[in-house]
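The values are calculated or read from the model by the stated rules, or taken from the named source; none is laboratory data. The structure presented is a predicted model; accordingly, all values stated were derived computationally and were not measured. For neighbour counting, all protein chains shown are included, and Cβ atoms are generated from backbone atoms with ideal geometry for every residue, glycine included. Heavy atoms of the whole protein, side chains included, go into the accessibility calculation; ligands, DNA and RNA do not. Shrake-Rupley method; radii C 1.70, N 1.55, O 1.52, S 1.80 Å.
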Amino acid sequence: MDLDIVFLGTSGSVPTARRGLAGTLVRRGGDRILFDCGEGTQRQLLRSSVGLVELHEIFLTHYHADHYLGLPGMLKTFSLRGRELPLKVYGPPGLVELFGVLRRIFGKLSYDVDLQELAPGNALERGDHRIFAFAVEHGVGANGYCIVENPRPGRFDLETARSLGVPQGPLFGKLQSGETVELPDGVRVSPEQVLGPPRPGRKVVLTGDTRPALEVLEVAREADLLVHEATFAAEEQARADETLHSSSTGAAELAKAAGVKMLALTHLSNRYFGPEIAREARAIFPGTVVPRDFDIIDVRFPERGGPRLVKGGALGRREEADAHGSDGSTGGGEDSRGGRGDAGDPELGRDPVGARGGGRPASDPAR
Ligand SMILES: [Zn+2]
Ligand SMILES: [Zn+2]
């Protein structure tokens, strides 16, 4: 089953020309789940290859403005399209109160919005996986979310099955799904005889805003992917501590201690471009990436190579064409998709907006 993460907004507190505010889409099989909905998220979806799909579920990490201001507009758009499908919104306690205020903005909708507050530890069981909320440390009621798949059956040993006399066909399937089968001659074959040890499912952890926290470390142990905030570079560690955010190095230390396979840093302050954050984090945890908007992380099963960053993987066709036309880096065909530079590419350091905005925002309640 496919599982990937689409980064729609990777900036913290305020947007930049290149980075939108918090919005992360998790796609698993046919599910499309949005985590946080910063201002501009509906347009980021429209610009992406995903499109503004009829989301069924949205999870909010906390109620700082940079994480939910995109909701009223998006909910309104759904209504103008005549949506009838109900929408489920999850968030830490305070969600119902927040919507009391937001309703005055979006008014009456053509569909129901079902609100469910999740306290740390609350889990949603989904058959083959679960999503649970965990506590983070951000000074306000805030949830991180963990998506964890059930263990998969072990690898089917064809040779052994054949040597035990199991005929190819439906009995294979039964054994694979954990059933003991009886052969025509009365011999019973149990799944343990033909299946290898169960293989773990995948685990993806999204922290939202937080300082490095013990709870996150525990939840993230051995995760395939940890999406952690890194608002600041190491030079601003004191500021990170003071505002209950993380620095590049703080997040990297945690990822290393948790033994995750990949660390994706997001929620960057507008004074950073990405490469410096990536450089600092990689010195501690080499498996770090700093996705840009419209990058994807494809969370493959370990035997298929594990998680990998697909740069610009969610760029809409048109955006892709525009990007190629304006930056002179055409000519690469398929390859030019990867030619946008990555977090370690110094070219990114020339982001004109970031370069101009050298200072931090004067006052920012979202921090
Ligand atoms: Zn934030
Ligand atoms: Zn926040």
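Among LEU171, PRO184, THR160, which residue has its Cα furthest toward the positive end of the charge dipole of the range 135-234, with +1 on Lys/Arg Cβ and -1 on Asp/Glu Cβ? Of the options given, the answer is PRO184. When both bridge partners sit in the range 53-185, DSSP labels roughly 55% of those beta bridges antiparallel. What is the antiparallel percent of DSSP beta bridges lying wholly in the chain, to the nearest 5? Close to 60 percent. To test your reading of the geometry: what angle, between 0 and 90 degrees and rounded to tens, separates the Cα axis of helix 70-80 from the longest principal axis of the chain? Value to nearest ten degrees: 70.
Each of MET74, MET262, MET1 has its accessible area taken with a 1.4 Å probe; listed largest first, they run MET1, MET262, MET74. Rounded to the nearest 0.05, the FRET efficiency derived from the C-beta distance between GLU215 and ARG300 at R0 = 22 Å is 0.20.
Expressed as a rounded percentage, what relative contact order does the range 101-199 have, with Cα pairs under 8 Å and six or more residues apart? Relative contact order here is 20 percent. By the helix-only formula, in which each DSSP H run with n ≥ 4 contributes -39500 (n - 2.57) and the sum is divided by residues, the chain has a 222 nm mean residue ellipticity of -7000 deg cm²/dmol.
List the relative contact order of the range 1-157 as a percent without decimals, with contacts defined as Cα pairs under 8 Å and 6+ residues apart.
Numbers: 309 pairs, mean separation 24.1, N = 157.
Relative contact order comes out at 15 percent.
GLU222 to LEU115: FRET efficiency via 1/(1 + (r/R0)^6), r the Cβ-Cβ distance, R0 30 Å, to the nearest 0.05? Before the final figure, lay out each step's value.
Details: r = 33 Å, r/R0 = 1.09.
Plugging the Cβ-Cβ distance into 1/(1 + (r/R0)^6) gives 0.35.
May I ask for the angle, rounded to the nearest 10°, between helix 248-258 and the longest principal axis of the chain, with both axes built from Cα atoms and the value confined to 0 to 90°? So the inclination is approximately 20 degrees. Between helix 275-284 and the chain there is an angle of about 50 degrees, using the helix long axis and the longest principal axis of the Cα atoms.
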